[in-house]
Amino acid sequence: MGAQFSDGAGVFELYAKKYKGVTEEMKVLVIYFSQSGNTRKVAHSIAEGAREAAEQVDVKSIKNVTYDMLENYDLIGLGSPVWKADPPNIRKFYKEAPDQNGKHIFSFCTHGTMPGFYFPVVLPNLKKAGFTVIGSRRWYGNVVMPGMPEPYYTAGHPDEIDLEEARGFG
């Protein structure tokens, strides 16, 4: 559904191969914003996948993260839902971030119908904040849109198939 790596590897495996080599000593932080729980589910599934190889994998809501915390991790994941093609509640995170000096990051999102502007907005801004972006992925999320018929066609997402894909991405 989202960006796939040419060798089929998950973001963590790709990072380990290209940048670090020794995965069992790595520390990963998966940061998310979620209002309905869709993105939280995906974040925890990504973390499950990363735990198969990393020494430490933590998952935190963006409201519980400080920039100082990032220094303790080798790899950062950042995710949110897409609202009207916009990345809500993570914009402040990357706009106010001190220079990350090449810290590795991946991005993920959940969405209904219009994910199109999310990565073109988020990824360049993460780079401007000094991150090295190594991957991105998106999943459908259960949405409620006023004026639209219910159930909406993404009802029930992320489902178990989506969450298994997220574990594989991790």
_Criterion first (among the hydroxyl-bearing types (Ser, Thr, Tyr) and open to solvent by 20 Å² or more (accessible area, probe 1.4 Å)) does TYR118 satisfy it?_
no
*Test: residue in the stretch 61-79 that is in contact with a Leu (Cβ under 9 Å, 6 or more places away or on another chain) and either over 20 Å from VAL30 (Cβ atoms) or loosely packed, with under 15 Cβ neighbours inside 10 Å (or both)*: yes
*asked:* Going through GLY170, GLY141, GLY156, GLY130 one at a time, which residue ends up being within 16 Å of ARG40 (Cα to Cα) and either free of Cβ contacts under 8 Å to residues at least 40 places away in the same chain or among the basic types (Lys, Arg) (or both)?
replied: GLY156
*In the stretch 96-118, the residues that are of a type outside the set (S, T, N, Q) and under 12 Å from the mean Cα position of the chain (by Cα)*: ILE105, PHE106, PHE108, CYS109, TYR118
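May I ask you to verify whether ALA43 is open to solvent by less than 90 Å² (accessible area, probe 1.4 Å) and either charged (D, E, K, R) or at pLDDT below 95 (or both)?
So ALA43 does not fit the description; no.
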_Considering residues of the stretch 46-60 that are modelled with pLDDT under 95 and buried (at least 19 other Cβ atoms within 10 Å of the Cβ) only, the residue nearest to VAL133 (Cα to Cα)_ = ALA50
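Residues are listed down the side, and each one gets a yes or a no for (1) within 21 Å of THR154 (Cβ to Cβ); (2) small (Gly, Ala, Ser):
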{"residue": "LYS63", "(1), (2)": "no, no"}
{"residue": "TYR67", "(1), (2)": "no, no"}
{"residue": "GLY79", "(1), (2)": "yes, yes"}
{"residue": "TYR94", "(1), (2)": "no, no"}
{"residue": "PHE106", "(1), (2)": "no, no"}
{"residue": "MET114", "(1), (2)": "yes, no"}
{"residue": "TYR118", "(1), (2)": "yes, no"}
{"residue": "ALA129", "(1), (2)": "no, yes"}
*Looking only at residues in the stretch 87-104 that are surrounded by 19 or more Cβ atoms within 10 Å (Cβ to Cβ) and at pLDDT below 95, which one is nearest to VAL143 (Cα to Cα)?*
PRO87
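The values are calculated or read from the model by the stated rules, or taken from the named source; none is laboratory data. Everything numeric in this text was worked out from a predicted model, so none of it was measured. Every residue, glycine as well, gets a Cβ built from its backbone with ideal geometry; the counts of neighbours run over all protein chains shown. What goes into the accessible areas is simple: the full protein's heavy atoms, side chains included, and nothing from ligands, DNA or RNA. Shrake-Rupley method; radii C 1.70, N 1.55, O 1.52, S 1.80 Å.
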